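Worksheet: one structure, shown below.
Bear in mind that the values in this text are calculations on the coordinates, not laboratory data. What you are looking at is a predicted structure, and each value in this text was computed from that prediction instead of being measured. Here Cβ is always computed from backbone atoms with ideal geometry, including for glycine, and neighbour counts include all displayed protein chains.
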Amino acid sequence: MASEAPRRAMQTGRVRSDGAHDGFLRHNNFQWLKVGASVSLAAILAYLLIDVQPRPNGGSWYGYVLGTVGAGLIVWLTLLGLRKRVMTPGAWSLKAWTSAHVYLGLSLIVIATLHTGFQFGWNVHTLAYVLMMFVILSGIFGVSAYATLPRAMSANRDEMTEAQMLESLRAIDRQLHDAAQPLELRQAELVRSSLEQDPFGGSLWQRLSGNYPDCETRAAQAAVRTENAYKPKLGNDPLEKIDGLLARKEAMLARVRRHLRLKALLEIWLYVHVPLTFALLAALFAHIISVFFYW
């Protein structure tokens, strides 16, 4: 009986821990998914049931109601960046706000589309709609990234921190430098090329793709192995040690570059999402002003 209490406590703690780490998508049993779906369904039913001629569009009373709701939602959604700077618990915690941001943002697809009355053209009104859709699409990518990439980053680090990975890489470089001292000049040049190349250099595309075709460490290891293939095996051969160290460095470089790639994918969408959001706000205000100016 005594052993059951600690086990129950551990199980209870595990349940609480799991509940505490529920993602923002599942917050409060998908509360904001239900709210967003209800709002979208109400807008669709109203569109189908309201008997107005011509059919409801942006210039009808129904269109003005949806337009007001949609514009208010867009402005509110942009406040998430400010909200992140204030940490509070409770019903309007950051997790709850982010969950609402996602699901109410998705409901804008229905609200804004019905607001247009499916009338599109080469004008500022359609521009605002198109920008809104691009913002939502970039937001969907961001949500997917935050739902999957942190787990992949954790698995790649294998319980190492980013600082520890970099220190491990520097330690291998120090060993390579010492091991290359007995080498001939030509062979030492191979090691030097690996030591001098910036392991984090390269283009943005290389960082995002994880493909580094000009990696000097990989080239040095291939050259060292070619030299080793045509010489007799001797004890305490410095090239053998260099080969092993280069293999370790290449493996660590691959891990660090995967980490940087995942980190870049996790962050780069903001460089699209945020500017598009500001462009959307500008187009939205131009849309509102033009509507009331010509109304």
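Between residue 159 and residue 240, what length in nm is gained on full extension when 0.36 nm per residue of separation is reduced by their alpha carbon distance?
So the chain would gain 26.2 nm between residue 159 and residue 240.
Could you tell me the extents of region 162-268's C-alpha atoms along the three principal axes, largest first, rounded to whole Å?
50, 25, 20
In nm, to one decimal, how far is the residue 198 label point from the residue 147 one, both placed 7 Å along Cα→Cβ?
That separation, rounded to one decimal, is 3.6 nm.
Quick one: putting +1 on the C-beta of Lys and Arg, -1 on the C-beta of Asp and Glu, what dipole do you get for region 162-268 around its Cα centre, in Debye to the nearest 20?
It works out to roughly 340 debye.
Quickly work out the residue 26-to-residue 258 label distance, labels modelled 7 Å from Cα along the C-beta direction, and quote it in nm with one decimal.
Placing both labels 7 Å beyond Cα along the Cβ direction yields 2.5 nm.
Mind checking region 187-273 for chymotrypsin sites (Phe, Trp or Tyr not before Pro) that DSSP puts in a loop (not H, G, I, E or B) and that have at most 15 other Cβ atoms within 10 Å?
Counting only loop positions with at most 15 other Cβ atoms within 10 Å, the chymotrypsin sites (Phe, Trp or Tyr not before Pro) in region 187-273 are 200, 230.
I need 263, 249, 34 ordered by Cβ neighbour count within 10 Å, fewest first.
Ranked by crowding around the Cβ, least crowded first: 34, 263, 249.
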